[in-house]
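See structure below.
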Amino acid sequence: MAGIGFTLRKMTGRGDLWGIVQAYSYSALLSSGPWLFTILALVGITFLTRYLVTWDDLLIFRTIITYNFSFSLVFCGPIVMVGTRLLADQIHEDRLDRAPSLLFSMMMAYIVVVTLPMVYLYGYAADLTASQRAAAIAGGYLIGLIWTVVVFVSALKNYTYVSGVFFIGMFIAFVSCGILLTSYGATGLMWGFNAGLAFILFGLLAWIFVEYPALPHEPFILFQRGGTYWVLGISGLSYNMAIWVDKWVMWVRDSNVDVVAGILRTTPYYDSAMFLSYLFTIPIFAVFFVNIETAFFEKYNRFYKSFQKHVTYMTIESYQRDIINFTLLSLRNLVVLTGLLAILIVLSAAFILETMNIPFKEIGVFRFGALGACLHVLAMFAMVFLSYFDFRKPVMILNTIFLIANFTFTWFAADYFPLHGMGYFLAAALTFILAMSCLVYNLKRLAYGAFITNNPSV
């Protein structure tokens, strides 16, 4: 995100309010595009169609989208993490002629790993019509492929085009669902939503092919070169599983679970409250990517380029102190901003739920989810800084701890309704504390790590 962050930061320096609004809006969309599109589209379609289709049809539609989102994130996790690193290597080596090969390889990898579980779940286990089975499988492919494409989009500078693609895709989804729902119910909603996703996928691919016109002459590059970064693959898998594991536990353990299509289990009150709490963290993402990551990258780049210039140790040490001071100060400011946001959300939770016509019983989950999401985002930012310095194994361990803690805490809290959501909050708090401790420890050893522990020649 630092690449496009420099472009967006220029907009904030124009001296007008509209430039600031544009920069942060584009940053939010580019950092969370597929997720933001899905959440907003789901909320909008639910409000528009709740009086036009039966609750059963709406429940099938929402459940399929939720499962597809879960599938896509988990299966894309290792592919996206490894692919992002390989793309960064290509940019560093100025070998962007390999980018189309990497994109093709990532898309094929996702299709291969997700096909069997999706076909089994939707094509055999779930009680759906033939058209619904096809729509569910197609939607799972589309969402996952968009996640892989976004890796390449974040390296481009045409934020206006990318934002337009997402907004037009969302509009197409709304219109298509409105046209098809009256005649086809849940099936029409699923295909209408897929139409919006398809526009986004092919719209993004079109611009990528313009920017990277080379043909994919190395279709297996992900498998050939990705083995070096197997730690990143595990890290991506564990992180995305950690995001979803509390929902999986609630689907299994909660007594108020809804069973859809014979086998698909979901807890709408828990899922919707958690998704809504995630939505309020988007402003923090925007601030981080526009202001903090770009400035951090400049100091990071200066520190490592100083090695090539054979500067003195005192100069290296001064650059290291700049990085430490900037990183800790930035995280302190983010903690303050996030804390204020969390307090505001907790205090206004009743008003938010009432305004959005959400059942009041979700207020406890929403409050725990909002607090947990804020801590989760801060922990993720700490891991972003660690990833810049190539501390792969510490990040992998942190993500694995997050996964285990979220599963364990949610499992024990599942039997007590007032504690629903607390498992995620405690897991996020634990991960945040460990991530910050790990970051501070490694920042103090930055020069040693650069010359010794992370030096490929040693």
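Observations on the model:
- When each of K305/K444; K305/K393; K393/K444 is checked by Cα-Cα distance, pairs over 22 Å: K305/K393
- Shown in residue order for segment 363-377 are the 3J(HN,Hα) couplings computed by the Karplus curve 6.51 cos²θ - 1.76 cosθ + 1.60 at θ = phi - 60°: 5, x, 4, 5, 5, 4, x, 5, 5, x, 5, 5, 5, 4, 5 Hz (x for Gly and Pro).
- For segment 395-439, the solvent-accessible area with a 1.4 angstrom probe is 44 square angstrom per residue.
- Residues in segment 72-88 that a label on A214 would reach, taking backbone N under 15 Å of a point 7 Å out along Cα→Cβ: 86-88
- Modelled FRET efficiency - R0 22 Å, I324 with D390, Cβ distances, 0.05 increments: 0.80
- Largest to smallest accessible area among E218, E298, E354 [probe 1.4 Å]: E354, E298, E218
- Reach of K361 by Cα under 14 Å, taken over aspartates and glutamates that are not fewer than 8 positions away in the same chain: D271
- Note on L419: accessible area approximately 60 square angstrom, rounded to 10, probe 1.4 Å, nucleic acids and ligands left out.
- The spread of Cα positions in segment 335-406, taken along each principal axis and listed from longest to shortest, comes to 45, 26, 15 Å.
- In terms of packing, defined here as the mean over residues of other Cβ atoms within 10 angstrom, the peptides 431-440, 300-309, 175-184, 394-403 line up highest first as 394-403, 431-440, 175-184, 300-309.
- Entry note: segment 223-360 has Rg to Rh equal to 1.13, where both radii use alpha-carbon atoms and Rh is the Kirkwood radius.
- Placed amide H near R265: partners under 5 Å, 5+ positions off or other chain: V260
- Computed about its Cα centre, the charge dipole of segment 290-361 is approximately 220 debye, with only Lys, Arg, Asp and Glu carrying charge at their Cβ.
- Under Karplus coefficients 6.51, -1.76 and 1.60, residue-wise ³J(HN,Hα) of segment 304-319 in Hz, glycine/proline x: 6, 6, 5, 5, 5, 8, 6, 6, 6, 5, 4, 5, 4, 5, 5, 5
- D_trans [Stokes-Einstein, Kirkwood Rh over alpha-carbon pairs] for segment 300-458, 25 °C, 0.890 mPa s, µm² s⁻¹: 138
- Global form of segment 148-288, assessed from the alpha-carbon gyration tensor, a/c cut-off 1.5: oblate
- Compared with the alpha-carbon gap, the fully stretched path from K444 to I179 is longer by 89.5 nm at 0.36 nm per residue.
- In this label model, R95 and S131 are separated by 4.9 nm, measuring between points 7 Å along each Cα→Cβ vector.
- Probe 1.4 Å - accessible area at D271, Å² to nearest ten: 10
- Each residue of segment 167-172 was assigned a 3J(HN,Hα) from its phi angle through the Karplus expression (A = 6.51, B = -1.76, C = 1.60, θ = phi - 60°), giving 5, 5, x, 5, 5, 4 Hz with x at Gly and Pro.
- Each part reduced to its alpha carbon centroid, segment 251-306 and segment 121-190 end up 20 Å apart.
- Packing, taken as the mean count of other beta carbons within 10 Å per residue, orders the peptides 207-215, 191-199, 106-114, 327-335 from highest to lowest as 191-199, 106-114, 327-335, 207-215.
The values are calculated or read from the model by the stated rules, or taken from the named source; none is laboratory data. Nothing here was measured: the structure is a model prediction, and the numbers come from that model. So basically every Cβ, Gly included, is an ideal-geometry build from the backbone, and we count neighbours across all protein chains shown. Quick note on the areas: whole protein, heavy atoms, side chains included, nothing else; ligands and nucleic acids left out. Shrake-Rupley method; radii C 1.70, N 1.55, O 1.52, S 1.80 Å.
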